[in-house]
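Report on the structure given below.
The values are calculated or read from the model by the stated rules, or taken from the named source; none is laboratory data. Remember, it's a predicted structure, so these values are computed and weren't measured experimentally. Neighbour counts run over all protein chains shown; Cβ positions are idealised from the backbone, glycine included. Surface accessibility is based on the protein's heavy atoms, side chains included, excluding ligands, DNA and RNA. Shrake-Rupley method; radii C 1.70, N 1.55, O 1.52, S 1.80 Å.
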Amino acid sequence: MGSSGINAEYMGSSSHITLTGTLQPSNFPATMRSISFIVIAVFCLVVMVTFADAKRPKPSKGGKGGKPSKGGKGGKGSHSSEEIETVPTAGFGKGKGKGKGKGKGKGKGKGKPRPPPSTTTTVAPTTTLSGSCNCDVEAIKAAVLADISVTITDLERELNATVTQLKNISEPDVFSCKRMSGFSDETVPVPYTACDVEKPTGLVDITTGKFNVQRDGTYRLTFTSRMSAMNGQTIRADMYVNGVRIGRASASLDTFDTQTNTSSSTILDLETSNTLDLLYNLTAGDEVYMMIDYVGTTSLIQSSMNYQIFFTGEWIRT
């Protein structure tokens, strides 16, 4: 027999084996056995290497970088993974994780450091031990008083005016004087016997019959008298302020007969009580008084112990 060539070739996942030789007829059985053992051994070796390689897990990916207060996430395994949190710290954490699958793997990853949060610092005001600010108290007081001084002045003026008004209302100037006998002098003011009311004292000089105004304002002034117009004549009572007549009361008889268009020849006397009543604005220092004016020689204003002549005045308002 001629020589035969034997070629054996094996392709594995990671090995490529090629056997080349020349078999002689005399030692063919022994050679075949040796080759078979070698092939089997190589095959087994290849299978074992392949199996071991299959069981070895692939390297896991590194975990994400941790936040400043928490650890990073662990790497992923073949099928599932567990995340292990690290204890929060103030520094920059490193993430570590273990993945559980058919194989074991460890992943390590370093997170990029996060810059610390920016903070704004507020400077506290300087204080003394008592808790009050270090201020110029006198300067503050002076500034405040300067601002309110005008207001204070206005308030004081209004307050004083209010007090004055209240006093005037509660204590008005008032008088009531009377005369108990008749009077017929046309040249002087009517004098009085006494005053029943005079507040304050000294408002009226009963001798001269003049009311002396002490307070500005509006006054009510009255004069009442029993007026006798004798022999058909006329009598008048006039009120004056500083020589100027401001009012008049008059009494007279009308003797003209409208039916006959003639005057009566009968002489008649008229006695009546008239009152002059008016409001008038007066100023402190003014003088108010009464004077009579009549026609003839016998007319007059009369009174008696029953007091039929009165002169009154009362402050009403400013």
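Observations on the model:
- Residues of the stretch 230-246 classified as in contact with an Asp or Glu (Cβ under 7 Å, 6 or more places away or on another chain) and assigned to a strand (DSSP E or B), total: 4
- Filter pass, residue 273 being in a strand (DSSP E or B), free of Cβ contacts under 8 Å to residues at least 40 places away in the same chain, more than 14 Å from residue 221 (Cα to Cα) and among the small types (Gly, Ala, Ser): no
- Test: residue in the stretch 134-157 that is within 23 Å of residue 275 (Cβ to Cβ), part of a loop (DSSP other than H, G, I, E, B) and either open to solvent by less than 50 Å² (accessible area, probe 1.4 Å) or in contact with a Ser or Thr (Cβ under 7 Å, 6 or more places away or on another chain) (or both): no
- Residue in the stretch 225-237 that is open to solvent by 40 Å² or more (accessible area, probe 1.4 Å), free of Cβ contacts under 8 Å to residues at least 24 places away in the same chain and more than 30 Å from residue 170 (Cα to Cα) present: no
- Assessment of the stretch 174-187 against the conditions (within 23 Å of residue 238 (Cα to Cα), assigned to a loop (DSSP other than H, G, I, E, B) and free of Cβ contacts under 8 Å to residues at least 24 places away in the same chain) yields at least one matching residue.
- Residue in the stretch 191-201 that is modelled with pLDDT of 95 or more and touching a Gly at 6+ places or on another chain (Cβ under 9 Å) present: yes
- Taking the stretch 181-221 as the range and being open to solvent by less than 20 Å² (accessible area, probe 1.4 Å), under 30 Å from residue 166 (Cβ atoms) and not aromatic (Phe, Trp, Tyr) as the test, the residues that pass are 203, 204, 213, 217, 221.
- Scanning the stretch 158-180 for residues being surrounded by fewer than 13 Cβ atoms within 10 Å (Cβ to Cβ) and farther than 21 Å from residue 282 by Cβ gives a total of 5.
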